[in-house]
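Shown next, in structure tokens, is the structure this report addresses.
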């Protein structure tokens, strides 16, 4: 069979939408990383798009380009969701830091745990991010030098607030 006579199959839109939705749920809502999205974008840009532009795919080029568009849109939404989530975490962290500092000012010591500042200094301990994994703040006060931490880019990027120096640092 010659190349021009080869039947080219294109995944149906329903399947593409389901896969793109799965990418969003796993990479944005569960992991909150963007690694899968970046991999898919690279795959589309370096693999799928060049193939789609070959003469062999002329008859289904529009459908293939539509599918690429769906995947790239899902990946852009993952990165946007992650960015908004990090902005929310930064704001929530500042609220927690302010409450811990108020506790320290009143009691001349840092709390042993975050629930100690509730409800006197903050109504509740907020979630750092709206994700399944790595969505909570962690507070470490065991060594007398308390830290507030949360994941910016799981599993490697941790943002930490040092109460003693009043500084934020990012640990990779």
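The values are calculated or read from the model by the stated rules, or taken from the named source; none is laboratory data. Being a predicted model, the structure only gives us computed values, none of them experimental. Every residue, glycine among them, receives a Cβ derived from its backbone with ideal geometry; neighbour counts consider all protein chains shown.
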For region 103-116, pairs from a residue that is within 25 Å of residue 136 (Cα to Cα) to a residue that is exposed (fewer than 11 other Cβ atoms within 10 Å of the Cβ) and at pLDDT below 95, with Cβ under 9 Å and 6 or more apart or across chains, are 110/144; 112/142
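Residue 20: closer than 23 Å to residue 151 by Cα and part of a helix (DSSP H, G or I), yes or no?
On the way: closer than 23 Å to residue 151 by Cα: no; part of a helix (DSSP H, G or I): yes.
Taking the combined requirement at face value, the residue does not satisfy it.
Looking at residue 121, is it under 24 Å from residue 35 (Cα atoms), modelled with pLDDT of 95 or more, outside the structural domain of residue 35 (by TED's automatic domain parsing) and buried (at least 16 other Cβ atoms within 10 Å of the Cβ)? Talk me through it step by step, then tell me what you get.
Values: under 24 Å from residue 35 (Cα atoms): no; modelled with pLDDT of 95 or more: yes; outside the structural domain of residue 35 (by TED's automatic domain parsing): yes; buried (at least 16 other Cβ atoms within 10 Å of the Cβ): yes.
So residue 121 does not fit the description; no.
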* Could you tell me whether residue 32 is surrounded by 12 or more Cβ atoms within 10 Å (Cβ to Cβ) and at pLDDT below 95? => yes
Filtering region 36-56 down to residues that are surrounded by 16 or more Cβ atoms within 10 Å (Cβ to Cβ) and either in contact (Cβ under 8 Å) with a residue 40 or more places away in the chain or not in a helix (DSSP H, G or I) (or both) yields 36, 37
Here the residues within region 131-172 that are touching a residue at least 60 places away in the same chain (Cβ under 8 Å) and touching a helix residue (DSSP H, G or I) at 6+ places or on another chain (Cβ under 9 Å) are 131, 132, 133, 135, 150, 151, 152, 153, 159, 161, 163
Here the residues within region 91-130 that are in contact with a helix residue (DSSP H, G or I) (Cβ under 6 Å, 6 or more places away or on another chain), in a loop (DSSP other than H, G, I, E, B) and over 26 Å from residue 25 (Cβ atoms) are 110, 111, 121, 122
